[in-house]
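Only one structure is covered here, and it is reproduced in the block below.
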Amino acid sequence: MIPASTKELIHIADSKYAVVVATAKRARALSEKSKNNVDYRLSSMVTIALDELINGKIVIQQPGANKL
């Protein structure tokens, strides 16, 4: 997998910070599930999280957004 460019990521949210936080949270969740896996690598979890973010599998919720 080729890591995403900044240009691709900036269109996902209003700030780079939001993208970084969302990616880190998802990578953490993925790593917790895969810790016992022999092929576990944190860098691959970050790449998977970025791919999910770009493909719309993860949606960044803005703070203060109305929740129904």
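Could you say whether any residue in segment 30-47 is modelled with pLDDT under 90, closer than 15 Å to GLU8 by Cα and not aromatic (Phe, Trp, Tyr)? Checked against the condition, which is being modelled with pLDDT under 90, closer than 15 Å to GLU8 by Cα and not aromatic (Phe, Trp, Tyr), segment 30-47 yields at least one hit. Figure legend. Inter-residue proximity from segment 1-29: first residues β-branched (Val, Ile, Thr), second residues assigned to a loop (DSSP other than H, G, I, E, B) and modelled with pLDDT under 90, beta-carbon distance below 6 Å, spacing 6+ or different chains. Indicated pairs: VAL19/ILE12; VAL19/ALA13.
Please tell me if ALA22 is aliphatic (A, V, I, L, M), modelled with pLDDT of 90 or more and in a helix (DSSP H, G or I).
Numbers: aliphatic (A, V, I, L, M): yes; modelled with pLDDT of 90 or more: yes; in a helix (DSSP H, G or I): yes.
Against the criterion (aliphatic (A, V, I, L, M), modelled with pLDDT of 90 or more and in a helix (DSSP H, G or I)), ALA22 qualifies.
The values are calculated or read from the model by the stated rules, or taken from the named source; none is laboratory data. These numbers were taken from a predicted model, which means no experiment stands behind them. Heads up, the Cβs are rebuilt from the backbone with ideal geometry, glycines too, and the neighbour counts pull from every protein chain shown.
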